[in-house]
1. Would you point out the residue of region 563-591, among those that are open to solvent by less than 10 Å² (accessible area, probe 1.4 Å) and modelled with pLDDT of 85 or more, that is nearest to GLY522 (Cα to Cα)?
2. Note down all Cβ pairs under 8 Å where the first residue falls in region 487-503 and is open to solvent by 50 Å² or more (accessible area, probe 1.4 Å), the second is assigned to a loop (DSSP other than H, G, I, E, B) and of a type in the set (Gly, Ala, Ser), and they're at least six residues apart or on different chains.
3. Looking only at helices (runs of 4 or more DSSP H) that lie completely in region 655-764, which have at least 1 residues being acidic (Asp, Glu)?
4. Could you tell me whether VAL72 is closer than 30 Å to SER360 by Cα, assigned to a helix (DSSP H, G or I) and either out of contact with any Phe, Trp or Tyr (no Cβ under 7 Å at 6 or more places or on another chain) or touching a residue at least 40 places away in the same chain (Cβ under 8 Å) (or both)?
5. Of the conditions (1) under 26 Å from LYS655 (Cα atoms); (2) without any contact (Cβ under 8 Å) to a residue 40 or more places away in the chain, SER553 satisfies every one except a single condition; which number is it?
6. In region 154-165, which residues are at pLDDT 80 or above, part of a strand (DSSP E or B) and open to solvent by less than 70 Å² (accessible area, probe 1.4 Å)?
7. Return yes when ALA76 is closer than 30 Å to ILE195 by Cα and among the aliphatic types (A, V, I, L, M) and no when it is not.
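The values are calculated or read from the model by the stated rules, or taken from the named source; none is laboratory data. Predicted model only: the values in this text are computed from it and were never measured. Don't worry about glycine lacking a Cβ; one is built from the backbone with ideal geometry, like all the others, and counts go over all protein chains shown. The accessibility values were calculated without ligands, DNA or RNA, using every heavy atom of the protein model including side chains. Shrake-Rupley method; radii C 1.70, N 1.55, O 1.52, S 1.80 Å.
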Amino acid sequence: MVAVPDTALPDAALPDTAAPDALSAHGAKGAARRVGNALVMFVVTGLSLILLVYVGYGEGKRTYGEFHVAKVITQAGIVRTAMEAFLRDGLPIRQFVGFNSLTGPIVDSEYVDAVTALDTAAKEVFRNVDQKLKNVPRPPPDALSGEETRRYSADGYTHISVPLRSRFEAAGTLIVSSSDAVATRLVDAAFLPLIGLALLLSALFAACVATIQALRDDIKTRWLHVAYAGIFLTMSGVVIWTLISLYSEGAQDKARVLANMLAQRIGEIVQYDLALRDFVGIDTAFADYRKLNPDIAAVALIVDGNTQVHTDPTKLGQPWAQDPRNYAYVIGLGQSTQTGAVGIAVEVPREIVYRQVARSVKNFAAMFIASAFLAGLFLQVASSLKNLRRDEEEIGGPDALRRAALRERAALSSVKPLFFVAVFLEHLTYSFLPQHMQQLASAADLSAGFASAPFMIYYLFFALSLVPSGHFTQRVGPRVAMNGGLILAGVGLLALVLPIGFWGALIARAASGVGQGMLFIGVQSYILAIASAENRTQGNGIIVFGFQGGMISGMAIGSLLVTYLGPAGVFELAGILSFVTASYGLVLVPAGASAPAARQSVAAELRTLFRDVARVLHHSEFIRAMFLIGVPAKAALTGIITFALPLLLARSQYKQEDIGQIVMLYAIGVVGASHYVTRFVDRNRQTVPVLVLGAAASGVAMLVIGLPDWSDPAGAVLGGSYVTWVVILGVIAIGVAHGFVNAPVVTHIAELDLAKTIGVGSVTATYRFLERLGHVAGPILVGQLFVLMGVTPLVIALFGGVTCMLALIFLSAVGGTGGKSAEVESPA
């Protein structure tokens, strides 16, 4: 039985005879509450860990699939070498003798299912198929023609084509076909047990939380976060170890395949007891094999423990020893009276595995940050609701004020996930949306500048929807606006799955913009209606945390999911989850206060807005702060960070997850800087130096990103190119710099003399509305610069140079006014 605090059941509350029954009922409620909390912890932790396993599975499947393809290419190269030795004599491919005997060992292996030879007219000349298989599909001949090695995947098979050449011209094409199930089966076997482990760890975490709460009901939320981090890191370690084992097996398997192929060629020398010295060209053959397989570190022929042939001439005649930096596969060929004990060794660098694991660790780090926001949010909400239920039980009497406060806190806690998830779902698409829109524009025979139109449309309709959404919210209530906006945003995302073309995509983005605008106003109105004066800051924090945390998590997870699901899969997932989140809002977000009657019509509200706009546009200090500081910062966010940068990175062959993680660093920089900058501004009451520093620093960072030659790979640093590190550090710098601008510029506006005339609320609301001109203008300006200058990083540099100039103009203009707004006197 759970001990009940003295304050929970006062003596006067119940008769003495009812006390045992009351205690029993209270204990039952406590047990039910702990079970409910444990279930929430299990679900939140389980979803996070299963998502981690899924990302690891996708990484393993993709990377091990590349190892598998590399093995297939190796075997294709072996067959090509033998056939081209015949074709160089000018003989036609149809006269090649021994195709089945040449390809038989390859087809009999577990990696290859069929080998096909085509002539120059793409007509089949030879085909050897694994007899255990009934049917191996043939790829379209035109899909594999060409002068280079090509890859074509369809119907669960991967087909590798390599060109066959005679001494002077093309002689045909060799196609090696392999089932994808080979690699998938191994990855499935490695990762299937991890799902059970994820569920077990989640259950242990939930059970521990429930047990600790039974012993001590005042467990702190931060300890939940620490425990969750430990569980997540443990699971990450297991997934990484699984990947290391998988990649190591793949690398060594590649060495084994090549060693077996070489053994088949040289084994006959030992089998017939011939002398190796009578054969020439073995060293050349080894060099050719290594040239065909750049990942091979070394190939050696070993006789009685000594190196007789080696791709590294300096090791000839020395006792063979494995390089500790490499994996080695050694196969014995037998004993020869002419030569001695003969063997072949093939070495593969361990760096291959480390490089692939390092990429996975990087992805898991981004995943950890995103999951930390998601799990931290839901753990905080669960803990808050748990404390509220406990406090309600402990009140035990008709304390109306206390109950009202508890309901207020519960309502604020419940709306927090809704806004966070809405922002998260929108940003799931941002790592690949610019490239997707550019492809739609190209398909519609439009210039590159049109690729920015969907971004401009989204932010334009977001801004235009704010005033009507406010009027709509006053009439029907915040919950309808929140959930209706979320559903409309989800419809806009789902529409992108359909073949609607570029102009249809514009309509879809407009719908998402209106939906997100309705949602934003609905959440803001809900907070204002629910939160008391002392909780108003907490309410505003929901919007700040939701936007920044949702952006970071969405960018990180979306950039990983698009690799496995494709753009259409991410659009579909985001749309479906929008409806699920709206269902959460309908069921679990309390109705709160009834919606007040509309105070004025939309036309009247617009007249008020335009009146305020006209008044602020006649104030020079407001104009300077908005157009020299605020608008350029928002234009840089939408035009450079979310539009230009992903396009440029994609054109430079960066992977989707890399693009999303680089852009994610911007939001991390904003969050990290804002925490300290807002405190500094509140303490020192100076905004101008902070604003100038932030604007100038963001301009310099854009100059640093845009001026280097992105096509020059020189200057590799720590495994990445010089440009990669410049971009990473530059994006972080822009984020930190915008942390110096976003909140301080609103404080700067609120401290102007204009605010005393028309009111702080009116001037800041008008600024927030006009500030969205930057959101709309950013993609338009960048798109037109791409048309004029080409899709080049110099556009970012030009944007940065203009930003620096505007910062200097702002500094000189404010200095000319005597710096009235630079320092705000404290009220007497």
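1. ALA582
2. Matching pairs, first to second residue: TRP503/ALA444.
3. 656-684, 753-758
4. Here the answer is yes, as VAL72 does meet what is asked.
5. Only one criterion in (1) under 26 Å from LYS655 (Cα atoms); (2) without any contact (Cβ under 8 Å) to a residue 40 or more places away in the chain is unmet by SER553, namely (2).
6. Of everything in region 154-165, those that are at pLDDT 80 or above, part of a strand (DSSP E or B) and open to solvent by less than 70 Å² (accessible area, probe 1.4 Å) turn out to be TYR157, THR158, HIS159, ILE160, SER161, VAL162, PRO163, LEU164.
7. It is false that ALA76 is closer than 30 Å to ILE195 by Cα and among the aliphatic types (A, V, I, L, M).
Yes or no, residue by residue, for (1) within 42 Å of the chain's Cα centre (by Cα); (2) under 17 Å from PRO105 (Cβ atoms); (3) hydrophobic (A, V, I, L, M, F, W, C):
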site: TRP223; (1), (2), (3): yes, no, yes
site: VAL226; (1), (2), (3): yes, no, yes
site: TYR247; (1), (2), (3): yes, no, no
site: ASP253; (1), (2), (3): yes, yes, no
site: MET261; (1), (2), (3): yes, yes, yes
site: GLU268; (1), (2), (3): no, yes, no
site: PHE279; (1), (2), (3): no, no, yes
site: THR284; (1), (2), (3): no, no, no
